Amino acid sequence: MSSSAFDHPEARAIATAPKGVHDRLSLRDHIVSVEIGAFQAERDIVQRLSFDVVVEVSAPDADLEDDVDKILSYDRITWAIEHELAAERLNLLETLAERIADRILQEPQAMRAFVRIQKLDKGNGALGVEIERVPGQGGAQASDLRAPLVCFMPQEAVGSDLLDDWIAQLAARSEPVVLCLDLPDSQERLGQARAQLNFDLLAIEQAAWKLAARFDVLTVAGTRTELDWAMKNGQTIVWAPSKLVLDATDTPEPSPAHLALWFAQQWGASKLICFGDSLPMAHTIPFQTVTLDQSEI
C-alpha cells in the first residue's frame, strides 16, 4: 500500500480494488487555469491546476451496442470539473475535489471516484490533495434540495406595518424561502467600484442580521454549505450575499434587485416575489409582485 501512496490514482484504485471486476475511467494531467486560493495574494490572479481522476464503474448489464449514451463517458468527468470551477470561486482544493467527486458519483454507473488536484504554480513543486469517495460519502447534492422561493424586499417592505404578517406567511410555507434585502436609503457612495461593491454587500448583510434579530423564525446564511443546511432543515433564510457574490465567476450586477434575480437564477428558484415595484429587468423565472398594501402573499 505504501508504495502506491504517491502513484497516479489509478494505481491506488487497482491496489485497493474491492471484490469483483470493475471498469475504470481515467483522466490524467488535465490542466486548467483558474483563480483559486485562500490567501489575499491569490486573489485576482489565475494559476494552473492539474487534475487526475479515476472512476470505477459497474459492468454494463447488456450489450452497449456501441452507444455512448449507455456508458459513463469521459466527457462527464471533464464536465464535472468545468461545472464546479464555474460555480463559484473557491478557497480550498479540498472543497473543489469533494464537489467534483460528488458530481461524478451522481452518475448511476459510478461506484468509486479518486480525485487528485495539484497547484502547479505554488512553490517549487506540485502541491495538492487527493481524495477517495463512494456514493453517499460526500456532501449534500443540489438534487436533495427543493427549489427555493426567493423574495426581494426593498426598504419600503421592511418598514411596512404588514411585515410581521408577510414573514409569518413565508415561514409557514413548505418550500425553502430566501429573503434578499435592499440597501439602506442613505448608503454612502465611495467612487471606486470594488470598494463600493464590498461596502454595499456589507450593508446588506448588516440589514440581514438586523431583520433576523427581529424575527426568531429567520436565520442568516451566506455560504453554500449554510444555505444547503438551512434549506434542508426548513428554515426561513435571510441571504448574506458577500461570500457568493465575491466568489462568483460571473459577477452579477451589483444593485440589490439584480442580486436577488442572480441568486434566484443560480439556485433555480421556483418563483421570485418582489414586494413593491416589479423588478426593472427581463427575467425567465416565474415572478410575482406583492403590493405594499397587500396583506396576503
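Coordinate-derived values only; no laboratory data. Given the structure is predicted, the values throughout are model-derived calculations rather than measurements. Glycine gets a Cβ as well: all are built from the backbone with ideal geometry, and neighbour counts include every protein chain shown.
In what order do 188, 226 fall by count of nearby beta-carbon atoms within 10 Å, going from fewest to most?
On the way: 188 10, 226 17.
Ordered from fewest to most neighbouring Cβ atoms within 10 Å, 188, 226 come out as 188, 226.
Give me the distance in nm between label points sitting 7 Å out from Cα along the Cα-to-Cβ direction at residue 137 and residue 206, one decimal.
Placing both labels 7 Å along Cα→Cβ, they lie 4.6 nm apart.
Only counting other Cβ atoms within 10 Å, I'd like 119, 271 sorted with the fewest neighbours first. Before the final figure, lay out each step's value.
Numbers: 119 19, 271 15.
The order, fewest Cβ neighbours first, is 271, 119.
For residue 38 and residue 242, calculate 0.36 nm times their separation in residues minus their Cα-Cα distance, and state this gained length in nm to one decimal. All intermediate terms of the calculation are to be shown ahead of the outcome.
Working: separation 204, 0.36 × 204 = 73.44 nm, distance 1.53 nm.
Using 0.36 nm per residue and subtracting the Cα-Cα distance, I get 71.9 nm.
Suppose each label sits 7 Å from its Cα in the direction of the beta carbon; what would the residue 28-residue 293 distance come out to in nanometres?
Result for the modelled spin labels: 7.3 nm.
What does the C-alpha gyration tensor say about the overall shape of the range 143-290? Classify as rounded when a/c is under 1.5, otherwise prolate if a/b is larger than b/c, or oblate. Working shown, then result.
Details: a/c = 1.39, a/b = 1.22, b/c = 1.14.
In terms of gyration-tensor shape, rounded.
Using +1 at the Cβ of each Lys and Arg and -1 at the Cβ of each Asp and Glu in the range 125-257, identify which of 127, 222, 184 lies farthest towards the dipole's positive end.
Towards the positive end, the residue furthest out is 127.
Per 0.36 nm of contour for each residue apart, how much would the distance between residue 120 and residue 253 grow if the chain were fully extended, relative to their Cα-Cα spacing?
Details: separation 133, 0.36 × 133 = 47.88 nm, distance 3.29 nm.
Additional length available on full extension: 44.6 nm.
Would you mind calculating the gained length between residue 171 and residue 213 on full extension (0.36 nm times residue separation, minus the Cα-Cα distance), in nm to one decimal? Working shown, then result.
Details: separation 42, 0.36 × 42 = 15.12 nm, distance 1.51 nm.
The residue 171-residue 213 span can extend by a further 13.6 nm.
If neighbour count is taken as other Cβ atoms inside 10 Å, put 39, 263, 152 in order from fewest to most.
39, 263, 152
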